[in-house]
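Heads up: the structure comes next, in structure tokens.
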Amino acid sequence: MKLYVKFNVTATCKKVLQEQLDKFQLKYDLLGFNEVEINEDISPAGMKKIVDGFSQYGIEIIDRPKNLLIQKIKDAITELVYMEDRLPVVKISTYLSEKLGYGYGYISNLFSEVTFTSIENYIILQKTERAKQLIITNGLTITEIAWKLNYSSVAHFSNQFKSATGLTPTAFQRIINKRREALINVEID
Amino acid sequence: MHILLADDDEDDCLFFKEAFEDIKIKTNLRIVNDGVELMNYLTRTGIKLPHILFLDLNMPRKSGLDCLVEIKSMKHLRDIPIAIYSTSASEADIEDTFVKGANIYIKKPGDFGALKKTLEQIVTINWQYHTSGLNKEHFLLSI
């Protein structure tokens with residue numbers, strides 16, 4: 001005997017989604033057949049289970065959770081780069097995957113896909129920003145900054161700063177100082 | 001990303017347009033042809049301010065440098081990152097432009113491939129400044 005079935009796709013999808021959400025015992029509201037409001041916080045590990053569970057049914061979560069994870073990656077990097085003490089010697093891939101509970105390959109691909117830049121380049125950007133801040137507000141010398149940000153040498157720091165900004169740390173400092181003077185002069189006028 | 005380009009040279013505009021069409025980040029390009037038109041556009045009410053302004057240094061009626069100074073003196077426009085480009089590559093010119101408030105200085109590359117690469121790099125970094133809350137006051141890039 002052969003049976004032929006016809007689907008009401010909307011109703012089918014909605015039911016599958018409901019069953020999945022119930023399985024994870026989440027507090028939620030369905031806002032239409034492709035939008036769910038979750039009324040509780042989900043840990044990254046919990047989120048991974050949900051993503052895996054959904055993927056068996058070809059359900060993909062779009063946008064928000066990705067953005068959330070991206071934000072967490074950025075926060076983890078900021079936390080590391082902006083430490084008060086000298087930056088610790090860590091392998092960034094290990095640091096991020098331990099902190100976020102995902103494999104580095106997944107994190108790194110997702111990051112590039114959403115932000116259009118690699119994690120490595122983003123870290124260089126953040127370290128350069130931190131270096132700028134240290135140059136401007138703390139008046140640290142280039143040697144002190146290179147040490148604090150854990151560069152292997154002053155030359156390595158200067159080169160990375162130069163390749164990220166096109167300027168040497170000294171030229172950067174001079175420009176910012178001149179800008180400040182120009183601003184003060186305008187205010188006096 | 002909204003991009004505003006101020007340039008009087010038709011070939012340059014065409015190059016920019018093609019380069020932006022090819023890069024990964026989706027862009028929305030608007031072109032004005034000289035400094036006066038630029039300032040009129042920016043001071044119009046109700047426009048969506050660009051995420052970045054590419055400014056040719058040599059334009060008729062009002063130069064890029066004059067526009068730069070004017071924009072940086074206006075409170076509601078001050079935060080727009082400005083990329084100046086010019087054929088001059090003198091260190092003094094570059095530094096002077098930065099002191100006057102430019103964020104990016106582009107030495108015009110010789111060929112299209114290099115221009116495209118440069119623009120992609122700028123748009124990508126600019127995107128990080130917008131999406132990661134970085135301090136735009138210290139955004140300096142000489143390329």
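The values are calculated or read from the model by the stated rules, or taken from the named source; none is laboratory data. A quick note: this is a predicted structure, and the numbers were derived from the prediction, not measured. Cβ atoms come from the backbone with ideal geometry, glycine included; neighbour counts cover every protein chain shown. Keep in mind that these areas ignore ligands, DNA and RNA; they rest on the heavy atoms of the full protein, side chains included. Shrake-Rupley method; radii C 1.70, N 1.55, O 1.52, S 1.80 Å.
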Practice prompt. Collect the residues in the stretch B:99-112 that are touching a Phe, Trp or Tyr at 6+ places or on another chain (Cβ under 7 Å) and within 11 Å of chain A (Cβ to nearest Cβ), keeping them in residue-number order.
Written response: B:N103, B:Y105, B:I106
Worksheet item: Which is modelled with pLDDT of 90 or more and over 28 Å from B:Q121 (Cβ atoms), of A:G58, A:G101?
Response: A:G101
Response to the item:
Considering residues that are open to solvent by 20 Å² or more (accessible area, probe 1.4 Å) and of a type in the set (S, T, N, Q), the number found within the stretch B:119-143 is 5
Worksheet item: Which of the residues belonging to the stretch A:1-50 are assigned to a helix (DSSP H, G or I) and polar (S, T, N, Q)?
Response: A:T10, A:T12, A:Q18, A:Q20
Worksheet entry | Options A:L68, A:L21, A:L17; residue that is within 23 Å of A:L100 (Cα to Cα) and modelled with pLDDT of 85 or more | A:L21
Worksheet item: Which one of A:V51, A:V90, A:V36, A:V16 is more than 14 Å from chain B (Cβ to nearest Cβ), closer than 30 Å to A:I135 by Cβ, surrounded by 12 or more Cβ atoms within 10 Å (Cβ to Cβ) and over 17 Å from the mean Cα position of the chain (by Cα)?
Response: A:V90
Worksheet item: Given the conditions (1) at pLDDT 95 or above; (2) open to solvent by 70 Å² or more (accessible area, probe 1.4 Å), which single one is not true for B:I104?
Response: (2)
Worksheet item: In this structure, does B:K24 turn out to be within 14 Å of chain A (Cβ to nearest Cβ), in contact (Cβ under 8 Å) with a residue 60 or more places away in the chain, surrounded by fewer than 16 Cβ atoms within 10 Å (Cβ to Cβ) and basic (K, R)?
Response: yes
Practice prompt. Check off (1) modelled with pLDDT under 90; (2) open to solvent by 70 Å² or more (accessible area, probe 1.4 Å); (3) among the acidic types (D, E) for B:E18 and give me the number that stays unchecked.
Written response: (1)
Discussion item. Please go through the stretch B:1-14 and give me each residue that is surrounded by fewer than 17 Cβ atoms within 10 Å (Cβ to Cβ) and part of a helix (DSSP H, G or I), ordered by number.
Written reply: B:E10, B:D11, B:L14
Worksheet item: Picking from B:L115, B:L141, which residue would you name as being within 11 Å of another protein chain (Cβ to nearest Cβ) and either over 13 Å from the mean Cα position of the chain (by Cα) or not β-branched (V, I, T) (or both)?
Response: B:L141
Worksheet item: Taking the stated definitions as given, is B:S132 small (G, A, S), out of contact with any Ser or Thr (no Cβ under 8 Å at 6 or more places or on another chain) and within 14 Å of chain A (Cβ to nearest Cβ)?
Response: yes
